[in-house]
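Q: Here it is, the structure, as structure tokens.
All of the numbers you see were taken from the coordinates with simple rules; none came from a lab. Remember, predicted model here, so these are calculated numbers, not experimental data. Glycine gets a Cβ as well: all are built from the backbone with ideal geometry, and neighbour counts include every protein chain shown.
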Amino acid sequence: MIDVLIVGGGGAGLRAAIAVAELDPSLKVAVVSKVYPMRSHTVSAEGGAAGVIGLDDTLDEHCYDTISGGDWLPDQDAVEAFVYEAPRELMQLEHWGCPWSREPDGRVAVRPFGGMKKMRTWYAADKTGFHLLHTLFQTTLKYQDIIRYDEWFVTKLVVDDGRVHGVVAVEIRTGRIETIPARTVILATGGCGRVFPFTTNAAIKTGDGMALAYHAGAPLKDMEFVQYHPTGLPFTGILITEAARAEGGWLINKDGYRYLQDYDLGKPTPTPKLRSMELGPRDRLSQAFVHEQEKGRTVDTPYGPVVYLDLRHLGEGKIDTRIPFVRELCRSYQNLDPATDLIPVRPVVHYMMGGVHTDIDGATPVAGLYAAGETACVSINGANRLGSNSLPECLVFGRRAGTAAAEFALSHRDGEAAAVRSQGDDERRRLERAREGRRTGEHVADLREQMQHTLEGAAGIYRNGDVLAKAVDTLAELRQRADEVCFDDTGAAFNTELINLQELHTMLDVAQTIVACALNRQESRGAHQRTDFAARDDANYLAHSLVHRAPDGTPSVTLLPVTITRWPPGERVYGRD
Ligand SMILES: Cc1cc2nc3c(=O)[nH]c(=O)nc-3n(C[C@H](O)[C@H](O)[C@H](O)COP(=O)(O)OP(=O)(O)OC[C@H]3O[C@@H](n4cnc5c(N)ncnc54)[C@H](O)[C@@H]3O)c2cc1C
């Protein structure tokens with residue numbers, strides 16, 4: 001039997017696999033991934049990974065930036081563990097071969113990043129995720145015993161009596177449906193940006209792990225906090241990394257004016273400066289865009305209103321050495337050259353602060369079930385994640401979850417539970433029935449689009465109670481209609497329609513929890529801005545939202561106090577020394 005089964009081959013999943021293999025080589029560990037591991041979304045991360053390294057920096061300052069950046073919603077014990085372990089993890093990657101960019105004297109180079117008041121973001125040009133994932137992947141190859149299920153799609157967690165016993169998965173190539181018994185399962189399935197229509201997220205980011213946990217009885221946490229990144233290309237949603245602003249890029253409106261100076265983020269500086277206004281946190285910058293739009297100072301395009309990112313003053317040399325991928329993306333996808341042209345950009349859904357509720361070791365309330373990476377909510381990101389904290393989060397909590405799961409497996413040497421066969425058979429029959437399908441009804445793609453637009457309308461950068469309440473009804477209705485969709489492909493091999501249907505159900509679960517949590521939180525904090533409750537309300541909401549799936553399938557939200565260790569709630573101040 002598998003001791004530790006990891007769902008996900010991105011940064012968090014692979015880091016967890018290495019931790020298990022290193023702890024005890026006799027443990028059987030498997031990585032199941034719906035895409036070949038190197039195609040996981042981690043590969044597309046550009047800007048960098050934060051970890052204190054400079055002599056002028058301290059661990060406490062990284063903690064403080066993360067906590068204030070998250071509008072005091074992060075759990076401070078988790079943040080402390082994260083900040084203390086991040087540099088060690090980044091150095092470990094160096095030893096495994098990650099080609100971090102260097103200063104001329106050979107030291108690891110760091111760049112400024114949004115909301116970070118010291119330079120602590122390590123990078124490998126602007127292809128950090130590619131190099132990081134490559135390094136992890138090649139390291140897993142050292143361990144011959146890591147079993148890989150590449151292009152297998154997990155549809156269900158087997159859970160009995162409050163304990164996980166394995167998963168049911170479909171081999172996409174053949175359509176084979178298999179139950180894989182396991183003593184522990186780690187969910188490392190990444191985020192859920194595809195719930196929205198306009199996102200930087202890869203098509204595979206459909207929140208599967210969140211829905212798997214939710215159905216298995218583990219609550220989700222802080223689902224209302226969805227991060228918009230201020231600079232996406234208008235048509236594709238492709239990300240122009242924050243590193244472009246860290247290297248000195250400006251945001252200007254239709255009058256050529258650096259508008260961020262109007263939003264209490266600091267004053268314009270001619271050269272990049274650590275606390276320059278372009279490096280304010282993402283929630284504030286995305287909100288500033290909406291205000292510019294309301295003032296008529298954005299530019300209308302067929303793909304929505306935009307402002308411009310101006311990199312022209314950086315010069316070709318700097319662009320080519322520090323952010324070559326930005327130039328490549330602009331040329332290929334926007335038909336322009338940032339060395340000579342302005343880049344049109346608009347805010348785009350980028351990251352999910354919420355996720356599966358875990359403790360500091362990745363454990364969920366379901367025994368043997370763990371989660372790490374973007375699918376988890378430990379929580380270090382609170383109401384707004386700082387750029388470059390996510391990659392190290394995958395490393396730190398991937399390792400912690402791997403170690404904790406391995407220890408659980410070592411102390412629970414029991415055999416296969418009866419539930420494995422019975423639940424596996426039920427799930428196989430359900431999937432086979434779905435594949436036989438109906439020939440009439442609506443198509444998955446149409447329902448998906450309606451869900452995405454419902455979410456954008458109700459749970460975007462600004463929200464209000466009336467629109468959210470309507471979205472609750474719309475999503476409930478879409479859920480009913482999703483049970484009766486038309487299904488054309490009855491084949492077993494590469495049945496992507498079946499996968500798309502599974503993902504639609506997953507996304508509807510996630511969408512319902514986002515809307516329910518957003519409706520319940522009657523205050524504004526970080527990325528959650530309610531026009532009907534415009535102020536932060538610490539008296540009532542200095543607390544996480546915890547959402548369970550009620551017996552009737554609807555989300556049920558409660559609050560859980562935030563852990564405060566050393567930093568009492570304060571004001572978020574940017575652009576001032
Ligand atoms: C364009 C972009 C740029 C970014 N840049 C940065 C940056 O510079 N710095 C930073 O800190 N963060 C960045 N982020 C965020 C960061 O990259 C992600 O949060 C992080 O990489 C997520 O890693 P993960 O391991 O949790 O999940 P992912 O890398 O998304 O991997 C998820 C894995 O789960 C598997 N999976 C999912 N569902 C199933 C299923 N049902 N069955 C089987 N397998 C499944 C997938 O196949 C995949 O292997 C960026 C994000 C994007 C989108």
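Q: Taking Cα centroids, how far is segment 207-275 from segment 524-577 in Å?
A: Rounded to whole Å, the Cα centres lie 19 Å apart.
Q: In Å and on Cα atoms, what radius of gyration and Dmax does segment 233-349 show?
A: 13.2, 37
Q: Now, a different point. What is segment 348-430 by shape, rounded, prolate or oblate, if you read a ≥ b ≥ c off the alpha carbon gyration tensor as root eigenvalues and call it rounded for a/c under 1.5, prolate for a/b larger than b/c, and oblate otherwise? Write out the running numbers ahead of the final one.
A: Working: a/c = 3.17, a/b = 1.66, b/c = 1.91.
Since a/c reaches 1.5 but b/c is at least a/b, the shape of segment 348-430 is classed as oblate.
Q: Helix 128-142 sits at what angle to the longest principal axis of the chain, using alpha carbons and giving 0 to 90 degrees rounded to 10?
A: 30 degrees
Q: Counting each DSSP H run of 4 or more residues in the chain as -39500 (n - 2.57), what helix-only mean residue ellipticity at 222 nm follows after dividing by all residues, to the nearest 500 deg cm²/dmol?
A: On the way: 15 runs with 207 residues, N = 577.
Computed ellipticity for the chain at 222 nm equals -11500 deg cm²/dmol.
Q: Enter the angle in degrees (range 0 to 90, nearest 10) between the Cα long axis of helix 496-520 and the first principal axis of the Cα atoms of the chain, meaning the one along which they spread out most.
A: Roughly 60 degrees, rounded to the nearest 10.
Q: Sorting Leu220, Leu59, Leu508 on the 10 Å Cβ count, fewest up front, what's the list? List each step's numbers first, then the result.
A: On the way: Leu220 32, Leu59 14, Leu508 22.
So the residues, fewest neighbours to most, are Leu59, Leu508, Leu220.
Q: Hey, another quick one. Give the Cα extents of the chain along the principal axes, in whole Å, largest first.
A: 67, 52, 49
Q: Give me the dipole magnitude in Debye, nearest 20, for the chain about the Cα centre, with unit charges on the beta carbon: positive for Lys and Arg, negative for Asp and Glu. Before the final figure, lay out each step's value.
A: Working: 63 positive and 78 negative charges, 139 e Å.
Result for the chain is approximately 660 debye, rounded to the nearest 20.
Q: Fewest to most neighbouring Cβ within 10 Å: what's the order for Ile2, Ile461? Could you put the intermediate results ahead of the total?
A: On the way: Ile2 20, Ile461 17.
So the residues, fewest neighbours to most, are Ile461, Ile2.
Q: Of Tyr149, Tyr228, how do they rank once you tally other Cβ atoms within 10 Å and put the fewest first? Don't jump to the answer; show the numbers that get you there.
A: Working: Tyr149 21, Tyr228 26.
Least to most surrounded, the residues fall as Tyr149, Tyr228.
Q: Have a look at the DSSP beta bridges in the chain and tell me what percent are antiparallel, nearest 5. Walk me through the numbers on the way to the answer.
A: Working: 47 of 69 bridges.
The antiparallel fraction comes to roughly 70 percent.
Q: What size of dipole, in debye to the nearest 20, comes out for segment 233-349 about its Cα centre when the only charges are +1 on Lys and Arg C-beta atoms and -1 on Asp and Glu C-beta atoms? Could the numbers behind the result be given before it?
A: Values: 16 positive and 16 negative charges, 49 e Å.
With Lys and Arg at +1 and Asp and Glu at -1, about 240 debye.
Q: Additional query: On C-alpha positions alone, give me the angle between the axis of helix 390-411 and the longest principal axis of the chain, in degrees, nearest 10.
A: Computed tilt is about 30 degrees.
Q: Could you order the peptides 482-492, 442-452 from most to least packed, using the average number of other C-beta atoms within 10 Å per residue? Spell out each step's value before the answer.
A: Working: 482-492: 14.0, 442-452: 17.1.
Listed from highest to lowest mean packing, they are 442-452, 482-492.
Q: Could you calculate, for segment 438-538, the ratio of the Cα radius of gyration to the Kirkwood radius, expressed as Rg to Rh?
A: Values: Rg = 16.3 Å, Rh = 14.8 Å.
Rounded to two decimals, Rg over Rh is 1.11.
Q: Moving to a separate point now. Using the per-residue mean of other Cβ atoms lying within 10 Å as a proxy for protection, in what order, highest first, do the peptides 21-29, 397-405, 210-218, 551-559 fall? Spell out each step's value before the answer.
A: Values: 21-29: 16.8, 397-405: 27.7, 210-218: 24.4, 551-559: 13.4.
Result, highest mean first: 397-405, 210-218, 21-29, 551-559.
Q: Classify segment 29-123: rounded, prolate or oblate, from the alpha-carbon gyration tensor (a ≥ b ≥ c, eigenvalue square roots; a/c under 1.5 rounded; otherwise prolate if a/b is larger than b/c)? It would help to have the intermediate numbers written out before the result.
A: Numbers: a/c = 1.88, a/b = 1.20, b/c = 1.57.
Since a/c reaches 1.5 but b/c is at least a/b, the shape of segment 29-123 is classed as oblate.
Q: Let me ask another. Roughly how big is segment 292-372's charge dipole about its Cα centre, with Cβ charges of +1 (Lys, Arg) and -1 (Asp, Glu), in debye to the nearest 20?
A: On the way: 8 positive and 11 negative charges, 37 e Å.
Using Cβ point charges on Lys, Arg, Asp and Glu, segment 292-372 gives about 180 debye.
Q: Given the pairs Lys127/Lys267; Lys127/Lys221; Lys28/Lys156, which span a C-alpha to C-alpha distance of over 25 angstrom in this model?
A: Numbers: Lys127/Lys267 30 Å; Lys127/Lys221 30 Å; Lys28/Lys156 21 Å.
With Cα atoms farther than 25 Å apart: Lys127/Lys267; Lys127/Lys221.
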